[in-house]
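Presented below is the structure to which this report refers.
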Amino acid sequence: MSESSIRPAVITKVIPDSIAAEIGFEPGDAIVSINQQKPRDLIDYQFLCADELLELEVIDTRGKTHQLEIEKDYDEDLGLEFETALFDGLIQCNNRCPFCFIDQKPPGMRDTLYLKDDDYRLSFLYGSYLTLTNLSQKEWNRIEQMRLSPLYVSVHATEPDIRTRLLKNPRASQILDQLSWFEEKRLQIHAQVVVCPGINDGNHLETTLLDLARFGSGDIPAVASVAVVPVGLTRFRPEEDELIPVTAEKAREVIQKVQTLQLKFRKTLGSTFAWLADEWFLIAGEELPPESDYEDYPQIGNGVGSIRQFLEEFDEIAAELLPPKVSPPRQFTWVVGNAVEKAFQPIVGRLNSVEGLQIEMVALCSDFWGQTMSVTGVLTGQDLLNGLENKQLGDAILLPDVMLKHGETRFLDNMTVEDLAAQLKTPILPVSGIDGLILGCINGMSELVEMSK
């Protein structure tokens, strides 16, 4: 990226009682440079701000430029948040993976949903996955010099021809050389393998996991963990993509193969190393592994152990927060994706043990995406309308906010919570996580009173 492509870093929030608040920073102000350097991204900003003496060039909300000097303790945070982590633009993907979820979306959705992120900086900052196929030597050098580790890498296959077939990019064949580079530089990755039946499953999957395990030992293993994930397909995918859905039989086959390898990895590496995403067990109709199998949940962001963790945390929080009785009595409908219907039955049972509380869980698949099994986060407003209309929904609907755009009340299909509530003629209470679910059950009636004022 050239210097001219770096935009000022626009501030969206000033943390109360912070250095920035004391100086008088406001949302809408923008940082141009720090110690005469323009930060390319949040990584540069954090690195430059670690110094004790800072010289800042700032543009205020009226467009006026200011030169500021700040003296502070080393590594003390200024207390600013920005509208984006990337000030020089997103590094987009140059692959054409047939299973890419971006290419499986219909037209007419929010513009940001079509951005193909393959940016190593977002991988380092937030754990998003990248393929390493679009990095220049300058960016490899930056990863080494700034010790940007761990990164999260979509491997999918280690055999050059198979990975090239999957990513539709000749540079994809370099993955083993790239892993050797991470090993040499004592940097780490977490890997994922999206299994596409007939392409990288069976013996190819075994080869991939054994290859990755070669980089899984030592005091700083180059490959810290692997997530094995089933390919997700929607009705909008290209007809020529050569992909087929994962069946229950295929899921059981993959579970058996990976669990056999896990036994080997525990002996040779002292870790399970390669984990199966929860979806495999849901598709196969098998019980989820116990909590002890997930170690420190290294692949929780990939849906590996997220259901088990949710169940365990629910038990702990429910023991603390759930009362034996609520008054007045209330009845709520809790909407989830049908992938978790069986797993969440104990939660429903525990909630309904509270006197005066009645929870009905409605588990839906997404007709919008053309799926027979869906996780909660992909459900759209139209899915909920189709699945809930003409049902007795009780006093309100408890809606997991993972279905909504962050900080807004808008579903993936652009329907709003307000629109849906009006059409269903039932109040909707968005809830966040386990605490939100339980507090919604306890305090939901008072929230409804406030909403009606």
Sum of -39500 (n - 2.57) over DSSP H runs of 4+, divided by residues of the chain (222 nm, nearest 500): -9500 deg cm²/dmol
Assuming a ≥ b ≥ c are the square roots of the Cα gyration tensor eigenvalues, decide whether the range 383-453 counts as rounded (a/c under 1.5), prolate (otherwise, with a/b larger than b/c) or oblate. oblate
R0 of 22 Å, Cβ-Cβ distance S353-E291: FRET efficiency to nearest 0.05: 0.50
Two pseudo-spin positions, 7 Å from Cα along C-beta at D367 and at D435, lie apart in nanometres by 3.7 nm
So what's the gap between the Cα centers of the range 390-435 and the range 224-290, to the nearest angstrom? 31 Å
Scattering profile of the chain at q = 0.06, 0.10, 0.11, 0.12 Å⁻¹ [log10 I(q)/I(0), Debye over alpha-carbon scatterers]: -0.32, -0.90, -1.07, -1.22
Considering only protein heavy atoms and a probe of 1.4 Å, how much of the accessible area of the chain is carbon and sulfur, as a whole percent? 49 percent
Take each of the peptides 281-287, 325-331, average the number of other beta-carbon atoms within 10 Å over its residues, and list them starting from the highest. 281-287, 325-331
Quick one: accessible area per residue over the chain, 1.4 Å probe, rounded to a whole number of Å²? 47 Å²
Under the rule rounded for a/c under 1.5, else prolate if a/b exceeds b/c, else oblate, using alpha carbon gyration tensor axes a ≥ b ≥ c, the range 227-320 is classed as oblate
Between the range 59-74 and the range 174-214, what is the C-alpha centre distance in whole Å? 46 Å
Distance in nm between pseudo-label sites at V10 and E83 (7 Å out along the Cβ direction from Cα): 0.1 nm
Under the classification rounded if a/c is under 1.5, otherwise prolate if a/b is larger than b/c and oblate if not, where does the range 296-370 fall, given a ≥ b ≥ c as square roots of the Cα gyration tensor eigenvalues? oblate
Length gain on complete extension for the stretch A21 to K72, per 0.36 nm per residue less the alpha carbon to alpha carbon distance? 17.0 nm
Write out the trypsin sites (Lys or Arg not before Pro) in the range 9-101 meeting two conditions: DSSP loop, and at most 10 other Cβ atoms within 10 Å of their Cβ. R62, K64
Full-stretch length increase - I59, E313 - with 0.36 nm per residue and alpha-carbon distance subtracted: 86.9 nm
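The values are calculated or read from the model by the stated rules, or taken from the named source; none is laboratory data. Worth saying up front: this structure is predicted, and the values here are computed from it rather than measured. Cβ sites come from the backbone with ideal geometry, for glycine too, and all protein chains shown count toward neighbours. Each accessible area value is taken on the protein alone, full model and side chains, heavy atoms only, with ligands, DNA and RNA left out. Shrake-Rupley method; radii C 1.70, N 1.55, O 1.52, S 1.80 Å.
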